[in-house]
Amino acid sequence: MERIRKRFHEGLVSLTADVITLGRMLEQAIPKGTHVVLAGDLELGAQLVVGDDEFDALALSIEEQTYDLLARQAPVARDLRELLTALRMASELERAADLVGNLVKATRRMYGLQLPPRLHEFIERLGGEATRLIGLAIDAYEQRSAGLASALDDIDDTLDQLHADYIEAVFDAHASGDLDPEQAMHLALVGRFFERIGDHAVNIGERVGFLVTGTLPDHEPA
């Protein structure tokens, strides 16, 4: 029994390390996706698309490891929360990575567009805030910090406000004739992709809070 428990905890340590690696991969991908949009760099965009296969493979490995550990020994209490958190985090990170891929797709559809300086600045800031939020979410998981995890929702308010201001700037650029309707639509989606990445960071924070405290956050009914 002791040997089984040792193997279980070794597997848990490996699983945690893989989740952190997945998170850091996303943290590095977001600035690259931002650069793709700002510079119209389709070559880098193609590299990100190829790199997404590696990301997906690691996410699938995390899922398989989790199921294996669940089957190997019926975990309870903290061990069970560790496994459930890893599984949920892999899903959140994979969905956030898909949003980086969506940035590349949007850039392809807007290829050749010269971004108005104001929108260029907004996109740069949106990318920076989204990167910061994901980085802090992974820090919270790595440090098992319930305090940092709970702060992510408030930190995300900055990104939400920035997104709202950006959308207004897109509408202004369209009204002034700097963007046609299709360009404005794709740029509005770019802002939405960054905002959704922040939402995934907040969701990760909630899972970390559950991992550390054993309590899920209260959600008001829709």
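Read-outs throughout are calculated quantities, based only on the coordinates presented, and are distinct from any laboratory measurement. The structure presented is a predicted model; accordingly, all values stated were derived computationally and were not measured. Glycine gets a Cβ as well: all are built from the backbone with ideal geometry, and neighbour counts include every protein chain shown.
Between the alpha-carbon centers of region 48-105 and region 1-40, tell me the distance in whole angstrom. When both Cα centres are located, 8 Å separates them.
Between GLU168 and SER91, the simple spin-label model (points 7 angstrom out along Cα→Cβ) gives 3.6 nm.
Taking VAL202, VAL13, VAL36 as the candidate residues, the one with maximal mean-square fluctuation in a Gaussian network model of the chain, Cα springs under 10 Å, is VAL13. As a proxy for reagent exposure, ranking ASP98, ASP180 by other Cβ atoms within 10 Å from fewest up yields ASP180, ASP98. Calculated mean residue ellipticity at 222 nm for the chain: -31500 deg cm²/dmol, from DSSP H runs with n ≥ 4 weighted as -39500 (n - 2.57), summed, divided by the residue count and rounded to 500.
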